[in-house]
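The values are calculated or read from the model by the stated rules, or taken from the named source; none is laboratory data. Note that the structure is predicted; figures quoted are calculated from it, not measured. Every residue, glycine among them, receives a Cβ derived from its backbone with ideal geometry; neighbour counts consider all protein chains shown. Areas reflect the complete protein model, heavy atoms only, side chains present, ligands, DNA and RNA absent. Shrake-Rupley method; radii C 1.70, N 1.55, O 1.52, S 1.80 Å.
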Amino acid sequence: MTVQRLVQVACLALFLLLVTAAALHYSGWLPHDLFLRLDPAAALLTGLAARAWLGAFLAALAVLALTGLLGRFFCGYLCPLGTLIDGVDACIRKPAAETIELPPKWRNAKYGVLVFVATAALTGLSLAFLVAPIPLVTRFFTLLILPLLQQLADMALQLATPLADRFDLTGLLYLDLPLPRFHLQWLTLLIMLLVLGGGRWWTRFWCRCLCPAGALMALCAWRPVVRRRVTDDCIDCGLCTRSCPTGAISEDPRSTAHQECVTCQTCRRVCPAGAVVFATPKSLDSRLARPAFSGYRRGLLLAGAGGLGTAAVTLSGARHLLGDTGTRRMIPPDLIRPPGARPEDDFLRRCYRCGACLAACPTNTLQPFGLASGLPGLLTPVITPQLGPCDPACDACGLACPTQAIRALPLTERIWAKVGTAHILRHKCLAWELDRKCLVCDEVCPYDAVVLKRVAGIKIPVPFVIENRCSGCGYCEHHCPVEAMPAIVVEPMDALRLSKGSYRQKGRSIGLTLELRRKSPRIESGQSPAPLNEGDAGSGLPPGFSE
């Protein structure tokens with residue numbers, strides 16, 4: 001195995017370890033979002049859309065600086081998506097005799113993609129989640145591959161249960177694996193199939209023709225300090241030209257399009273005369289290719305116009321959430337953002353849709369959102385209380401977010417990050433509608449925001465939500481025994497979202513009283529509570545509950 005392959009495999013293994021560690025909530029000395037910080041396209045597009053300097057992406061600037069020195073080394077050695085593409089290409093590539101040569105003009109499409117998404121970002125529409133390589137591959141492994149492996153591991157444990165019981169392997173019997181499930185996995189799979197499918201006809205099709213990170217690094221690698229050179233020992237066999245995975249070597253083996261070269265050194269290894277070296281040039285190379293896009297200004301202008309048009313149509317769409325500009329906001333009732341999420345416009349511009357927060361969520365309540373709020377909200381994280389509640393003591397999503405679209409908050413601030421408000425659907429509630437004794441929502445609420453009161457015409461106490469105590473955590477909705485749509489649901493009404501400043505101070509200033517309290521179910525009434533069940537001895541609790 002070559003040095004390049006060893007480095008590629010090591011980097012892919014490290015990437016997978018970091019993704020797995022994030023999903024299993026294991027903290028090490030390396031940040032889980034290390035590779036996300038290295039993606040220059042994601043950093044550029046997010047910074048342009050958010051109109052902010054993202055300090056966490058100094059590593060991306062370092063990659064671009066080193067690209068000017070070493071060429072596109074990131075694409076050839078470090079990028080996990082590039083490694084995955086190489087592996088898939090080797091499996092699905094057509095035989096050499098059936099391979100059609102990639103038209104040279106197609107390589108310039110990536111510059112058009114870069115201009116398109118950068119222009120859209122300048123107007124406030126971030127499309128990094130669709131084209132930036134590291135968010136793409138992170139979402140693929142986080143939301144699809146890792147959950148699949150966990151499901152397979154759980155099936156293996158179930159199959160091994162008789163064996164564990166036979167040999168008294170109690171540790172194996174009680175081993176409980178997390179089994180996260182995510183929405184829209186088909187969309188994640190479809191996008192990745194489109195990225196990988198081009199390898200059936202052309203090696204590294206995505207990297208050569210569509211990747212905006214590749215285009216950005218190609219601009220920096222126009223004349224790298226360390227680059228491919230051919231000595232006078234060349235015998236013009238053309239083997240290097242045919243072996244180059246990115247088509248960077250023309251029919252003249254001495255001529256190299258350095259902006260396309262990923263420094264894999266395949267040409268050096270296959271050269272029978274040993275005429276290819278990668279070193280600093282002794283003199284200026286007059287054979288450097290002309291700028292690949294110099295003759296395609298019209299195409300770049302069209303790409304820029306397309307980016308502007310896409311942003312204009314998207315941001316003016318009726319299904320898009322309107323900003324705080326005095327216009328009534330259109331908010332889908334199930335769009336409940338994680339605690340600490342910035343105001344919607346800023347959040348959408350920063351969010352990578354990488355899935356890091358979804359993987360880090362211990363209750364699996366965070367799920368990718370669909371198109372209910374338009375294209376800008378696609379695949380962004382939302383709380384889904386029916387799948388799980390949002391633990392008031394947890395800030396895993398904020399710590400996992402590489403762009404701080406979700407702010408990392410200490411516990412004293414976290415409990416004040418109101419994400420919505422619960423309200424009771426009286427026509428479904430067992431107490432309100434059917435006169436059946438139930439106090440589940442009151443029992444599970446960590447903020448003491450549900451109280452039981454007696455009202456005229458109903459024999460038993462019924463629940464009410466005290467809105468200024470409710471944080472929208474979803475414990476009540478998750479545990480409600482009513483099937484299908486629960487009788488108490490959380491909506492993003494009165495959610496508190498700040499780009500900066502204290503949630504605690506802001507919450508108090510608008511009248512919130514969000515405090516975690518020890519729960520003790522009670523009935524607000526001037527009378528002592530009547531027994532809720534025959535034989536309950538007047539405890540006020542239904543069967544299965546105790547003080």
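Observations
- Ordered from largest to smallest accessible area (heavy atoms of protein chains, 1.4 Å probe), the residues I249, I92 come out as I92, I249.
- Length added when fully stretched, N468-A13, from 0.36 nm per residue minus Cα-Cα: 159.1 nm
- C-alpha long axis of helix 146-159 to longest principal axis of the chain, angle in °: 60
- Cα gyration tensor category, rounded, prolate or oblate, for the stretch 197-276 with a/c compared to 1.5: oblate
- Straight-distance candidates among the lysines for linking to K428, with alpha-carbon spacing under 29 Å and chain neighbours fewer than 8 residues away dropped: K418, K437, K453, K459, K519.
- Degrees between helix 297-315 axis and first principal axis of the chain (Cα, 0 to 90, nearest 10): 0
- Global geometry of the stretch 24-128, whether rounded, prolate or oblate, following the gyration tensor of its Cα atoms and the 1.5 cut on a/c: oblate
- Shape category assigned to the stretch 1-45 from the gyration tensor of Cα positions, a/c cut at 1.5: oblate
- Alpha-carbon centroid distance for the pair the stretch 397-412 / the stretch 24-94, whole angstrom: 21
- Separation of the L148 and D435 label points, Cα + 7 Å toward Cβ, nm: 5.5
- Mean sequence separation of contacting Cα pairs (under 8 Å, at least six apart), scaled by the length of the chain, corresponds to a relative contact order of 14 percent.
- Cross-link reach is defined here as a Cα-Cα straight distance under 26 Å, omitting same-chain residues fewer than 8 places apart; for K94 the lysines meeting it are K105, K110.
- Label-point separation, W53 to L194 (7 Å along Cα→Cβ), nm: 3.5
- Interchain or long-range residues, amide H under 5 Å from H32's placed H: none
- Normalised by the number of residues in the stretch 105-201, the mean separation of alpha-carbon contacts (under 8 Å, six or more apart) gives a relative contact order of 28 percent.
- Packing-based ranking of 480-493, 125-138 yields 125-138, 480-493, ordered from highest to lowest mean Cβ neighbour count within 10 Å.
- On the basis of the beta-carbon distance and an R0 of 25 Å, I235 and C91 show a calculated FRET efficiency of 0.15.
- Stokes-Einstein diffusion coefficient of the chain, Kirkwood radius over Cα pairs, 25 °C, 0.890 mPa s, in µm²/s: 93
- L434 sits among other residues whose Cβ lies under 15 Å from its own Cβ, and their net charge, with Lys and Arg +1 and Asp and Glu -1, is +2.
- Residue-normalised accessible area of the chain, given per residue in Å² at a 1.4 Å probe: 47
- A simple packing score, the average count of other Cβ atoms within 10 Å per residue, orders the peptides 411-419, 454-462, 71-79, 333-341 as 71-79, 333-341, 411-419, 454-462, with the highest score first.
- Ordering of 304-311, 189-196 by burial proxy (mean other Cβ atoms within 10 Å per residue, highest first): 304-311, 189-196
- Projecting the Cα atoms of S499, A121, L366 onto the charge dipole of the chain, computed from C-beta unit charges around the Cα centre, puts A121 farthest toward the positive end.
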